[in-house]
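One structure below.
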Amino acid sequence: MSEAYERERQNNARLEELSAKVSSLRGVTVDIYDNARAQDVIDSTSDTFSSMSTQLKGSAGRLGRMAASGNKVAIFKLSGIIIGVFLVLYYVAKWIF
């Protein structure tokens, strides 16, 4: 009977070791999953900024063509809009911060 008790104690000890290893593995798996999700967000953000830079380059090209054509009224309107947006953003930022 003593031998059976000893084996049961050894089995319990190994079961606890195995449980600790499984918990550790679960923690590593969760960390890997979180890292993969964060990487996906970074990739998505990178794609968004790439798209935005392409659109900004296109807008700058159209603005250059408009300025080269000599349409002064449109240039003044655009300048006024840009200055107005800047002032609104400035005052909103000043009010918030």
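Just a few scattered comments:
- Taking 87, 25 and ordering them by how much accessible surface each has at a 1.4 Å probe, largest first, produces 25, 87.
- Calculated from backbone phi, Karplus (6.51, -1.76, 1.60) coupling profile of region 8-22 in Hz, x at Gly/Pro: 5, 5, 5, 4, 5, 5, 5, 5, 5, 4, 5, 5, 5, 5, 5
- Among the listed values (1) 46; (2) 56; (3) 73, the one computed from these coordinates for percent of Cα pairs over 20 Å apart is (3).
- Heavy atoms of residue 91: accessible area, 1.4 Å probe, square angstrom to 10: 140 Å²
- Of the listed residues 52, 66, the order by accessible area with a 1.4 Å probe, largest first, is 52, 66.
- Within the chain, GluC sites (Glu not before Pro) in DSSP loop having at most 16 other beta-carbon neighbours inside 10 Å: none
- Extension gain, residue 9-residue 76: 0.36 nm per intervening residue step, less the Cα-Cα distance, totals 15.4 nm.
- In the full protein context, the chain carries 93 Å² of accessible surface per residue, based on a 1.4 Å probe and ignoring ligands, DNA and RNA.
- Within a straight-line Cα-Cα reach of under 18 Å, residue 21 can be paired with the following aspartates and glutamates, leaving aside sequence neighbours fewer than 8 residues apart in one chain: 31.
The values are calculated or read from the model by the stated rules, or taken from the named source; none is laboratory data. In this text the structure is predicted, and so the values were computed from the model without any measurement. Neighbour counts run over all protein chains shown; Cβ positions are idealised from the backbone, glycine included. Keep in mind that these areas ignore ligands, DNA and RNA; they rest on the heavy atoms of the full protein, side chains included. Shrake-Rupley method; radii C 1.70, N 1.55, O 1.52, S 1.80 Å.
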